[in-house]
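S.K.: Here it is: the structure, laid out below.
Laboratory data are not the source of any read-out in this text; all were calculated from the coordinates shown. Remember, it's a predicted structure, so these values are computed and weren't measured experimentally. Cβ atoms come from the backbone with ideal geometry, glycine included; neighbour counts cover every protein chain shown.
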Amino acid sequence: DFGMRAVTFASSARPAQLAERAVAAAERRRASGLIDRCGREGTDSWRVLHGVSEGIPGVTVDKFGGALLVQSWREPLRNDDVFDLCDAAFGGQLGFDDVHTVWVHPRANVSNTAELNASENLLTGKTLAAAGVYRRASFLTATNAVDDSSPFGPDVFGRDLSDPALGFSFSELNLAYEFVPPRRFGDPSLYLDFRPTRRWIRRFVAKRANAGSSVSALNAFAYTCGAGLAATAGGASRVLNTDHSATYLAYGAANYELNGFEAGNDIQGQRSRESESESTTQKTQKPKAEYSMSTRNARGAFDAYCEDFYPAVRQLAGLPMPGRQGRGGGRGGSKRGSKRGGRGAFGSSSPKEKKAKPPRPETFDLVILDPPTLTKTAYGAVDIENDYQSLAKPCGLCVTPGGVLLATNHSHRIDVDDWLELVEKCVTKAGCVLTNVEVVSPDADDDDHPAMSDGKRPLKVAAFTLE
């Protein structure tokens, strides 16, 4: 029984058991100490259900503050699936009582059209759930009606889902983030499986900063700059966030502002300003927690360079780019201990005209490399399965001697030991000396993305100390 009405689950496969699986997964997280730890650390966001390893492949349920984000990659959810989950969430059956919204976000390219609903209804007698925002108040109105079969649907659906006014704030490690309404079939604005890594970044920077060192960081593939914000909150004196999207970097700047840091100047490197609507952000009161903001650095202003990975990071490393002469100065343009860089070669014209002044070669105490699995750019493909070398080499050359390359690989096809060996070969071939490797993995009371049945995890993270 899920609180406000009795629920009878069908004996068929996965989505019909969504609420039941979510309740069981939430109980496991509470038993492991994860929810208590989140409370101590000022975190109100975690994965409630990791479907691939918890009985419902192709479905995930994430808690972002007072909202549940339900994503489905395979079969579309049905109305009963969403109704049962709302019943469990709004009725407190998931173990927390602050959820007021369930956001249904299909990731597969299956439209909830009238035709599809009609055919599904003929076959099963159930209609597909519409993508949209389902609110607690509307749910209570429907379930408190005399006729329990009263229609319950999303308050907001269709194109209105892109309205920035639907955004809100949530917290992780006592830092506030904006929940940006995801684009159609798009990702959420913060990847929750990266929380242990953001914690590691903050502790690494804080340890060095508290020892009196000035710490700089490069955040490649920055997205909405969660890793960069963690470094800044840890006390980094300089953090450069790089990404090809001015839109996502603008969200990163908003996250900095949300936490009291300066948004900084205009994002450098973008060829044209992408218009952004100002989002209505509900600033939540953050609880007293293990992660206080006492480590804020007065120099922690937001800094970003909007450019594709290859030209941005190769130029920082002092490596040549097609159509541009290498200027040297990074580790890629000089021998160890040399103050001058070597010469780059001229090549063919670049794929895109560059109007912004490129960055000067520079090294950093921490370089964060968190690439997507596969994407194409004007300068070549980013492919973590077949060409990780092209990513690891320039990033390794951007590490100050004694610094750390923090690298990730998200592919479930890549074995962790093979990947570690590959990165070691890359940085060694680039002229760096690898002195230590630390694998970053979640603690037992911080594991809301359980390993798959074979014990493996798609996300692999390791810190490589380079000299």
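S.K.: Sum up the charges of everything whose Cβ sits under 10 Å from the Cβ of Pro372, counting Lys and Arg as +1 and Asp and Glu as -1, but leave Pro372 out.
M.R.: Working: positive: none; negative: Asp187, Asp370, Asp383.
For residues surrounding Pro372, the net value is -3.
S.K.: Also: May I ask which of Lys207/Lys376; Lys207/Lys357; Lys207/Lys425 have a Cα-Cα span longer than 31 Å here?
M.R.: On the way: Lys207/Lys376 37 Å; Lys207/Lys357 34 Å; Lys207/Lys425 28 Å.
Pairs exceeding 31 Å: Lys207/Lys376; Lys207/Lys357.
S.K.: Answer with one residue from Leu434, His449, Gly396: the one whose Cα lies farthest towards the positive end of the charge dipole of the stretch 371-467, charges on Cβ with Lys, Arg +1 and Asp, Glu -1.
M.R.: The one lying farthest along the dipole's positive direction is Gly396.
S.K.: Using 7 Å Cα-to-Cβ label points, what is the Asp418/Glu75 separation (nm, one decimal)?
M.R.: 3.2 nm
S.K.: Whose amide H sits under 5 Å from the amide H of Val180, counting only residues 5 or more places off or on another chain, with H placed in the peptide plane?
M.R.: For Val180, the qualifying residues are Ser189.
S.K.: Per 10 Å bin, what percent of the C-alpha pairs of the stretch 16-100 does each bin hold, from zero upward?
M.R.: Calculated P(r), rounded to whole percents: 18, 56, 24, 3.
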